[in-house]
Structures are given as structure tokens and as C-alpha cells.
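Single-structure report; data block below.
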Amino acid sequence: MIVAAVLLAASAGGRAQDFPSRPVRLIVPSPPGGGTDIIARNVAQKFTERFRFAAVVENKTGAGSLVGTDYVAKAPADGHTLLVGGLFNMVMNSALIKDLPYDPVRDFATIGYISAYPFLLTVRPDMPVATLAEFVAYAKERPGKLNYGSAGLGTLQHVWGTILVKSMGLDMVHVPYKGGAAAQQDLITGRIDLMFDNLSAAKQYVLSGRAKALGLSAAARSSQLPEVPTINETGVVKFEGESWFGLFAPAATPAPVIAILRKALDESLRDPDLVGRIERDGGRVLAIAPADQQKFLKTEVERWSALVTKYGVTAD
């Protein structure tokens, strides 16, 4: 048994010394051009600078984000096939989809978290309210007559928007769009009344006066919109959350290989260039100690699954 253990350790060490032995693939389970894709390409660029082989991004779409995520869960556990995932596929899919083909906690090893972005609650520009409390009063006087938009059923805009609307005791109609940009356009032209969307996507409309901001989902205010209170600060309702992204490997990936990847990611996230890109988009580097990374993921799955159940959110 001792000899076997020594040989196993030597084998793992040998694999780690040779890693990577070919290009590292970063799988993005969503189409090119989106937020996840942009983050993946930023990380791939930094990995390429650090490894003797390039890191390349591959978009594997289908069934929402299920195809790409499940592909990595079942990929060879050698560190050469990684997943750039986030709250949308590692947590919300688990909360919304029965018989999910992968278990985000059991089937993946967390290499590290990359960044986190708050959501901004906005209303159409001609809405006669200036605060969240005023909006709640306005909406309660018009049950069933106001609406809120999203990027589609099951998206974070839909799930968080529904949780927030229902937790404030409002009767509003959900209007799903084929993408967040279309919903934002209808908000600024007054066709829909409310939207809860990523700060990076919504801030331009607030800064240009084409939408009004009522609250931010993060624990603290954003330097990009310092006058906008957090939702918790308004005293109307308690809501706190950020859309986060991370890098994951198949669960059986050897620890020495995980350590190499983790070191490369840590170094990348200390690079002023990458940090600057994240902060310009309204985000922050999400630094979580390795010992707490799986616990964080498990807590997020449990937290949002409970709220999805409580408020009856479905992707149907």
C-alpha cells in the first residue's frame, strides 16, 4: 500500500510537471460576445502569457448553458478542458431545472473565482417616481398593470427580477425578451416599466438620463453610480446578490494540476490590466480562499434554490 501511494504521488507529480502538455481549452457555455465570453477571453490571454501552450476559448452552446457545462463535467480530468461558468449555470440551473445532467458541487473542482457584478434596478425615464419606496407605492396602486422585462425565461434578470418584485409584494407582469439589449431598448422608450439588469449593461442609460436607477443589488454602492443606494439601504426590502464568474475543472482533476491552474489565475487577477477591465465594467475581483471555494458554491446553490422555491420562479 505504501509503495502504491508513493507511485501514485510520483505519477501525479509527473503529470503536474508536464502540465500543460497541449493547449488549455476554456469552454464557454454561451454564445460569443456575451459577458461570459469576454471574461473567458481575458483570462485566456493571461494564461497564454504564463503557459508554454496557448489557452483557447471554445463556445459550446445548446439547451441554454447545459451542453457546454455538462461537456466539461464529463471531460477528461487532466486540466486541459476547463469551464468558465458563473451564477447562471452553476447555481440557477440547479435551482430551476429538474434532472440536471450535472451536479455543480459534486462534478466540478473550483480553480478560483474571477469577478462579481451587481445588478441595477431601473425604471422607464418618465416613471413619476424617484425612489424605490415611491415606486412600490405607485405599483401597489396599479396591481397587474405594470410590467418588468428580462433577457428571457430562466435568465438572471428574470429570476432576480421575479424574486425582488414578489418580495416587495407587487403584482406585476413579466415580459421576457430574446436578450437583454432588446428589453433595455423597450425600457428606455417606455414600453416596459422596470428592469433588473447587470450594472455594466444598465449604467449607460442611467448616466444619459434615459432610465432612472432605484437601487443596486450589491452590499456597497458602486463608484460608477455613487448616488444610487443599495437596495438594502432603501429600507424597502432586503436583497443582496452579485452575478459572479469562476473557473472550474472536472472534479477528478489531480490536485497538483489544480494548484498550477490556481496559481496562474491568481497571478492573472493581480494583473492591473485585467483588474482594470473588470472594474471598468462595474465589477470587482472576487477573491475567495481555496479552502472556502467549494463552500461558497454550495451556499449559493442552497440560497438561491430556496428563494426560487419560495417565490415560485420557473423557467417555463
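The values are calculated or read from the model by the stated rules, or taken from the named source; none is laboratory data. Source: prediction; values computed, not measured. Heads up, the Cβs are rebuilt from the backbone with ideal geometry, glycines too, and the neighbour counts pull from every protein chain shown.
Pull out all pairs, ordered by first then second residue, where Cβ-Cβ is under 8 Å, the residues are six or more apart or on different chains, the first lies in the range 184-200 and is in the same structural domain as residue 174 (by TED's automatic domain parsing), and the second is of a type in the set (Phe, Trp, Tyr) and part of a helix (DSSP H, G or I).
Every condition considered, the pairs that remain are 184/205; 187/205; 188/205; 194/135; 196/160.
Would you list the strands (runs of 3 or more DSSP E) that sit entirely within the range 65-163 and hold 3 or more residues that are within 24 Å of residue 218 (Cα to Cα), touching a Lys or Arg at 6+ places or on another chain (Cβ under 9 Å) and of a type outside the set (A, V, I, L, M)? If you could, list the steps in order and put the result at the bottom.
On the way: elements: 81-86, 108-123, 147-150.
Here the list reads 108-123.
Quick check on this structure: which one of 68, 64, 79, 112 is within 25 Å of residue 315 (Cα to Cα) and either polar (S, T, N, Q) or in contact with a strand residue (DSSP E or B) (Cβ under 9 Å, 6 or more places away or on another chain) (or both)?
68
So which residues in the range 142-166 are surrounded by fewer than 21 Cβ atoms within 10 Å (Cβ to Cβ) and small (Gly, Ala, Ser)?
Across the range 142-166, the qualifying residues are 144, 152.
When you look at residue 316, is it out of contact with any helix residue (DSSP H, G or I) (no Cβ under 6 Å at 6 or more places or on another chain), exposed (fewer than 14 other Cβ atoms within 10 Å of the Cβ) and at pLDDT 95 or above, yes or no?
no
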